[in-house]
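The values are calculated or read from the model by the stated rules, or taken from the named source; none is laboratory data. Just so it is clear, the structure is predicted and the values come from calculations on it, not from any experiment. Positions of Cβ are backbone-derived with ideal geometry, glycine not excepted, and every protein chain shown enters the neighbour counts.
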Amino acid sequence: MVRVQEEDFEVGAELQWLRRGNPGIGAVACFVGLVRDVNEGGAVRAMTLEHYPGMTEKALEAIVGEARQRWAILDVLVIHRVGRLLPTDQIVLVAVAGAHRGEVFAACEFIMDYLKTRAPFWKSELTPQGTHWVDAREADDQAAQRWSG
């Protein structure tokens, strides 16, 4: 399942939903991304994430679909927030359930790496110097490239 929303999420409740009492699930791996108060050496007072409804969900579903093709996983949950966020706010939850830890760890990392580079989100940051758009990071591109081939 993929959700793009302004509202915060409760990690424990979301993981409980993902498991839904499925006795075949032997492992759940998750990643929670948070807003930091600093980025590339500068103070961050707030972040605003924008997206194109429909297009963004479709891109996230394609990433999840690719992970399902690569690994034997049972279920996936991706929640990505949009709108104005403050330092310490949760931005994203990627959770993967499966029979074995190796597959869920790999799939979770893959989804997050591809989300950072292929999902259509636009991020601006409010700093003491004003508001500016944030460019993609080369480190994120390098992380995603390791899954190619």
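What's the number of the condition residue 84 fails, among (1) assigned to a strand (DSSP E or B); (2) out of contact with any helix residue (DSSP H, G or I) (no Cβ under 6 Å at 6 or more places or on another chain); (3) surrounded by 17 or more Cβ atoms within 10 Å (Cβ to Cβ)?
The number of the failed condition is (3).
Assigned to a helix (DSSP H, G or I) and either acidic (Asp, Glu) or exposed (fewer than 14 other Cβ atoms within 10 Å of the Cβ) (or both): is that true of residue 135 in this structure? Full working, then the answer.
Numbers: assigned to a helix (DSSP H, G or I): no; either acidic (Asp, Glu) or exposed (fewer than 14 other Cβ atoms within 10 Å of the Cβ) (or both): yes.
No, not satisfied.
Out of segment 87-127, which residues are modelled with pLDDT under 95, in a strand (DSSP E or B) and within 21 Å of residue 6 (Cα to Cα)?
Listed by number, the residues that qualify are 121, 122, 123, 124, 125, 126.
Quick one: which residue in 117, 88 is under 17 Å from the mean Cα position of the chain (by Cα), at positive phi and in contact (Cβ under 8 Å) with a residue 24 or more places away in the chain?
Values: 117 fails: at positive phi.
Going through 117, 88 in turn, the sole match is 88.
Take residue 11 and tell me if it is at pLDDT 95 or above and of a type outside the set (Ser, Thr, Tyr).
Values: at pLDDT 95 or above: yes; of a type outside the set (Ser, Thr, Tyr): yes.
Yes, satisfied.
Quick one: residue 65 ticks every box in (1) within 17 Å of residue 109 (Cβ to Cβ); (2) out of contact with any Phe, Trp or Tyr (no Cβ under 6 Å at 6 or more places or on another chain); (3) small (Gly, Ala, Ser); (4) touching a residue at least 12 places away in the same chain (Cβ under 8 Å) bar one, so which box is it?
(4)
With the condition kept exactly as written, say whether any residue in segment 2-10 is touching a residue at least 40 places away in the same chain (Cβ under 8 Å), in contact with a Phe, Trp or Tyr (Cβ under 7 Å, 6 or more places away or on another chain) and surrounded by 16 or more Cβ atoms within 10 Å (Cβ to Cβ).
Looking only at segment 2-10, we keep the residues that are touching a residue at least 40 places away in the same chain (Cβ under 8 Å), and these are 2-9.
So of that shortlist, the ones also in contact with a Phe, Trp or Tyr (Cβ under 7 Å, 6 or more places away or on another chain) come out as none.
No, segment 2-10 has no match at all.
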